[in-house]
Amino acid sequence: MSALFWAALYAVVLWTGWAAAWAPGAPARPGAGRPPWATLAALLVVGVPSLLQLTVAPGLLGALQRTPTELADGQLWRLVTSLVVQDGGWPGAVFNLAALAVVGATAEQVWGPRRWLVVWAGAGVGAQLWGLLVQPTGAGNSVATFGLAASVSVLALRRGRGVSRLCGSASLLAGLALLVMGDVHGGAVVLGALAGLLLTRVPASDPAGGRSVPSDPTTP
């Protein structure tokens, strides 16, 4: 498969997942709430080491990325640190950070910062285990962002209507295609979707300032 094909499939997952929160019929359309502090913090945590790795400290990639040999030796912390360096050079870093800013801010307004962190970290770290099977060596924060997009897509699919539901379906179908084709991001989509299913089991309101997730799609 060409790089353009993979890029297009990635864009479908992320863009339609983001659009599912804004399109007509969205069950919890983001509004003007508090600043997305969790997203901003994640951008800082990921952006600083990524910038160092791409400029003055290229050795950070090898020291922090996901590698099966080191993980087998007990370096389990690589499941986390692989999220803060980039294996796609400058193009991959710019794409990953931009996607985190756009998709992350929307997902945080939908779920609130606490649930956002659970989805982001759960999908990001969990996808590393799937990555050991399909892409043993690698790094990047994109898997965590794919999990966020999938969680919002599940919300749209379960409680949205019309265009919002269509967008959510498109995002999840593209993610399923990635899973079947053995891409690391497919595992992240599955984990994000599972998180979305759990979060939509009952109505919830984040006391830290997140928007409520309505139990009825007709609820504004």
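The values are calculated or read from the model by the stated rules, or taken from the named source; none is laboratory data. The structure displayed is predicted, hence computed values, not measured ones. Please note: Cβ atoms are built from the backbone with ideal geometry, for glycine as well, and neighbour counts cover all protein chains shown. Please note that ligands, DNA and RNA were not included when accessible areas were found on the heavy atoms of the full protein model with its side chains. Shrake-Rupley method; radii C 1.70, N 1.55, O 1.52, S 1.80 Å.
So, of the residues in the range 74-99 that are in a helix (DSSP H, G or I) and not aliphatic (A, V, I, L, M), which turns out to be most open to solvent (accessible area, probe 1.4 Å)? Break it down into steps so the answer makes sense when it comes.
Here is the first cut: in the range 74-99, the residues in a helix (DSSP H, G or I) are 78-81, 89-99.
Filter again for not aliphatic (A, V, I, L, M), leaving 78, 81, 89-92, 95-96.
Details: Arg78: 15, Thr81: 30, Gly89: 26, Trp90: 130, Pro91: 101, Gly92: 19, Phe95: 91, Asn96: 17 Å².
Across the range 74-99, the extreme among qualifying residues is Trp90.
For the range 6-39, what are the residues that are assigned to a helix (DSSP H, G or I), open to solvent by 80 Å² or more (accessible area, probe 1.4 Å) and more than 13 Å from Gly168 (Cα to Cα)?
Across the range 6-39, the qualifying residue is only Trp37.
Ala98: over 18 Å from Glu70 (Cβ atoms) and in contact (Cβ under 8 Å) with a residue 12 or more places away in the chain, yes or no? Step through it out loud before you land on a result.
On the way: over 18 Å from Glu70 (Cβ atoms): yes; in contact (Cβ under 8 Å) with a residue 12 or more places away in the chain: no.
Spelling it out, it is not the case that Ala98 is over 18 Å from Glu70 (Cβ atoms) and in contact (Cβ under 8 Å) with a residue 12 or more places away in the chain.
Residues checked against (1) within 23 Å of Val85 (Cα to Cα); (2) within 16 Å of the chain's Cα centre (by Cα); (3) among the acidic types (Asp, Glu):
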residue	(1), (2), (3)
Trp116	yes, yes, no
Val119	yes, yes, no
Ala123	yes, yes, no
Leu129	yes, yes, no
Val154	no, yes, no
Arg159	no, no, no
Gly162	no, no, no
Ala174	no, yes, no
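Sort out which residues of the range 27-48 are of a type in the set (Gly, Ala, Ser) and at pLDDT 95 or above, and write them in order of number. Give the derivation first.
Taking the range 27-48 as the starting set, the residues that turn out to be of a type in the set (Gly, Ala, Ser) are 28, 31-33, 38, 41-42, 47.
Matches in the range 27-48: Ala38, Ala41, Ala42, Gly47.
Tell me, yes or no, whether the range 114-130 has at least one residue that is part of a helix (DSSP H, G or I), in contact with a helix residue (DSSP H, G or I) (Cβ under 9 Å, 6 or more places away or on another chain), more than 27 Å from Leu71 (Cβ to Cβ) and open to solvent by 20 Å² or more (accessible area, probe 1.4 Å).
Here is the first cut: in the range 114-130, the ones part of a helix (DSSP H, G or I) are 114-130.
Retained after the next criterion (residues that are in contact with a helix residue (DSSP H, G or I) (Cβ under 9 Å, 6 or more places away or on another chain)): 114-130.
Still in the list and also more than 27 Å from Leu71 (Cβ to Cβ): 114-115.
Of the ones still in play, those that are also open to solvent by 20 Å² or more (accessible area, probe 1.4 Å) are 114-115.
Checked against the condition, which is being part of a helix (DSSP H, G or I), in contact with a helix residue (DSSP H, G or I) (Cβ under 9 Å, 6 or more places away or on another chain), more than 27 Å from Leu71 (Cβ to Cβ) and open to solvent by 20 Å² or more (accessible area, probe 1.4 Å), the range 114-130 yields at least one hit.
Tally time: how many residues in the range 175-201 are closer than 20 Å to Leu133 by Cβ and surrounded by 17 or more Cβ atoms within 10 Å (Cβ to Cβ)? It would help to see each step written out before you state the result.
So the first thing to find is which residues in the range 175-201 are closer than 20 Å to Leu133 by Cβ, and the list is 175-194.
When the remaining residues are screened for being surrounded by 17 or more Cβ atoms within 10 Å (Cβ to Cβ), the result is 175, 178-179, 183-194.
Matching residues across the range 175-201 total 15.
Given Thr69, Thr55, which one is more than 19 Å from Gly192 (Cβ to Cβ), polar (S, T, N, Q) and open to solvent by 80 Å² or more (accessible area, probe 1.4 Å)?
Working: Thr55 fails: open to solvent by 80 Å² or more (accessible area, probe 1.4 Å).
Checking each option against the conditions leaves just Thr69.
Could you check the range 100-113 and list, in sequence order, the residues that are within 25 Å of Leu51 (Cβ to Cβ), open to solvent by less than 40 Å² (accessible area, probe 1.4 Å) and β-branched (Val, Ile, Thr)?
Of everything in the range 100-113, those that are within 25 Å of Leu51 (Cβ to Cβ), open to solvent by less than 40 Å² (accessible area, probe 1.4 Å) and β-branched (Val, Ile, Thr) turn out to be Val103, Thr106.
For the range 135-155, state whether one or more residues are within 26 Å of Leu40 (Cβ to Cβ), touching a strand residue (DSSP E or B) at 6+ places or on another chain (Cβ under 9 Å) and outside any helix (DSSP H, G or I). Walk me through how you get there before you give the answer.
From the range 135-155, those within 26 Å of Leu40 (Cβ to Cβ) are 138-155; that's our starting set.
Keeping just the survivors that are touching a strand residue (DSSP E or B) at 6+ places or on another chain (Cβ under 9 Å) gives 138-139, 155.
Those left that are additionally outside any helix (DSSP H, G or I): 138-139.
Looking through the range 135-155, at least one residue is within 26 Å of Leu40 (Cβ to Cβ), touching a strand residue (DSSP E or B) at 6+ places or on another chain (Cβ under 9 Å) and outside any helix (DSSP H, G or I).
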